[in-house]
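The next block holds one structure in the form of structure tokens; read it before the comments.
The values are calculated or read from the model by the stated rules, or taken from the named source; none is laboratory data. The model shown is predicted, which means the values in this text are computed figures rather than measured ones. Here the Cβ is made from the backbone with ideal geometry for all residues, glycine too, and neighbour counts use every protein chain on show. In case anyone asks, the SASA skips ligands and DNA or RNA and just uses the protein heavy atoms, side chains included. Shrake-Rupley method; radii C 1.70, N 1.55, O 1.52, S 1.80 Å.
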Amino acid sequence: MTVESTTARKPRSGATARSAAAGAKTTRAAGAAGPAGTAEAARAAKTSEAPESAGTSEAQESARPAKSARPAKTGRAAGPAKGTKSAKTGGGSRTGRSAKSTGPGGRSAAGSRTRGSSGTAGTDAGAAAGTAGRPDDEPVQLLTPEGERVARPDYDDYVADLTPEVLRGLYRDMLLTRRFDGEATQLQRQGELGLWASLLGQEAAQIGSGRALHDDDYVFPTYREHGVAWCRGVDPVNLLGMFRGVNNGGWDPNSNNFHLYTIVIGSQTLHATGYAMGVAKDGAGSAVIAYFGDGASSQGDVAESFTFSAVYNAPVVFFCQNNQWAISEPTERQTRVPLYQRARGYGFPGVRVDGNDVLACLAVTRAALEHARGGAGPMLVEAFTYRMGAHTTSDDPTKYRSDEEREAWSAKDPILRLRRYLEREGHADDAFFAALEEESEALGRRVRETVRSMPDPDPMAVFDHVYADGSAQVDEERKAFAAYQASFDDAPSDASAAPAGTGTGTEGGK
């Protein structure tokens, strides 16, 4: 089966810790698991129970789903174990936020649904159903590459509420995200952007997980989560300002609960963990999700995030998009076990999902978020997918991977997979696809026109907001840079105005 699970340990009480330290023996009632806090007790405390998840509406084009009722806590640690320093967080409570209007991506109701039964599919007991006879590392899959629906009793209930309208909305999300991504790549090639990190091939992982989120959940992305940004209502054009060099991120993170892009590899998992610890202390019923790649999973920041989130039982989902390549380094050179199994060593569950199957990504992420919201602590999701394009536009993947490998993954294209399913089930007709193609063309034109009309930033703005109260050193640097900029205004406008002997290329018959 694909799920590794252990129940997070509760911190010892002071009395228990002192008793254990003194070696005191206490008579235990029959069936007790042993001294609280021991490794044996942690292993014996596995459970498949979790609280119910609240549901919301279905329509893909509806407003963002309202915050669900706070589920009952099931043992979330209120703070660190005695003697452990508490970390400060900047996260506040996200309770009571009103629903927002639909963004350019159309906030979907696919992020919520009603569960009639208790239990989290992220536990061993919950995952056992329907996984017998499957290889341990086989990803959770609900749609085959041919667009055929396959049964997974452990996850089917998480997508049972999807109407044809919502399914068409998921297809629209992926298609328009790919169009926007392609336009951005071409703009970089034309010199309009300094750099671009394409998501080509990873649309299902991002749209499926993005539509699983509730309105009050908080997202910490890397620099490639363009599909998740779309799901959170961030205007695609706002993503391009940073890559054009005209701003430092063109959106307010708290307006969409979508943090600014993080360029430093892996550091956003620390931010997400700290924020999730704050959510737990606030008593909010929301969850946090952190996106990262297989390369980032080798970073120390990610390991520290796993440690802290497990110890503090933080309501965070770590969503790893394993696209097989950390720039030019294949996954097999980074780990000796499947990435999702790394969670086991930290004491929380992990699951591998077919990252090219949007329905499976939606179901698994819903289950993981339900697990976190219910007080069961962190969970790791490994979306097994493939980066069809370059790492960024400065990369040439033909130097380290074969065309045959890319062609094999092309047959698993996430958009084509869902289209085949829609056509097979009669959920979409030619008129739908034609209208969507026109919408795609309109989006492409808007992206091109808006990017090319972005005003250049004030060069001196780089010195603003460095220090809240100002800095003598920054003031000196600002003055020096201003003088440097002014030197271009004083320079000769052409070669004829240059002083004699400066080497214009015309002296001495040269």
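Name the long-range amide H neighbours of PHE258: under 5 Å, sequence gap of 5 or more, or other chain; modelled H, no Pro or chain starts.
Long-range HN contacts for PHE258: VAL219.
Taking the Cβ-Cβ separation of GLU437 and GLN473 as r and a Förster radius of 51 Å, what is the calculated FRET efficiency to the nearest 0.05? Spell out each step's value before the answer.
Numbers: r = 55 Å, r/R0 = 1.08.
After rounding to 0.05, the efficiency reads 0.40.
Once amide H atoms are placed 1.01 Å from N in the peptide plane, what residues at a sequence separation of 5 or more from VAL140, or on another chain, have their amide H within under 5 Å of its amide H?
ARG352, VAL353, ASP354
HN-Hα J couplings of the stretch 413-425 from phi, Karplus 6.51/-1.76/1.60, θ = phi - 60°, integer Hz, Gly and Pro as x?
For the stretch 413-425, the Karplus curve yields 3, x, 6, 4, 4, 5, 4, 4, 5, 4, 5, 4, 8 Hz.
When all protein chains stay in place, what accessible area (Å², nearest 10, 1.4 Å probe) is found for GLU423?
90
Just going by the charge dipole of the stretch 209-348, with Lys and Arg at +1 and Asp and Glu at -1 on Cβ, which of TYR261, ASN238, SER209 is farthest out on the positive end?
So the residue furthest toward the plus end is SER209.
Using alpha carbons only, how many angstrom separate the centre of the stretch 371-436 from the centre of the stretch 221-276?
Rounded to whole Å, the Cα centres lie 21 Å apart.
Evaluate the relative contact order of the stretch 321-434 (contact order divided by residue number), counting alpha-carbon pairs under 8 angstrom at least 6 apart; express in whole percent. Display every interim value, and only then the final one.
Details: 109 pairs, mean separation 32.6, N = 114.
Relative contact order, the stretch 321-434: 29 percent.
Keeping all protein chains in position, work out how much accessible area ASP430 exposes to a 1.4 Å probe, and write it in Å² to the nearest 10.
For ASP430, solvent-accessible area is about 120 Å².
Return a whole-number percent for the relative contact order of the stretch 232-286, with Cα pairs under 8 Å and 6 or more residues apart as the contact set. Let's see the in-between values first.
Details: 28 pairs, mean separation 11.6, N = 55.
The value is 21 percent.
Once you put a point 7 Å from the Cα of ALA160 and another 7 Å from the Cα of MET460, both along the Cβ direction, what distance in nm separates them?
Those two pseudo-labels are separated by 6.5 nm.
Mind ordering 181-194, 164-177, 311-324 by average Cβ neighbours within 10 Å, highest first? Intermediate results must be reported in sequence, preceding the final value.
On the way: 181-194: 17.4, 164-177: 22.4, 311-324: 27.3.
For the peptides 181-194, 164-177, 311-324, the packing ranking is 311-324, 164-177, 181-194.
Take each of the peptides 287-300, 445-458, average the number of other beta-carbon atoms within 10 Å over its residues, and list them starting from the highest. Intermediate values should be presented prior to the final figure.
Details: 287-300: 23.3, 445-458: 12.9.
Result, highest mean first: 287-300, 445-458.
For THR392 and ASP429, what does the FRET efficiency come to when R0 = 56 Å and r is the distance between their Cβ atoms, rounded to the nearest 0.05?
Working: r = 38 Å, r/R0 = 0.68.
Efficiency at R0 = 56 Å is approximately 0.90.
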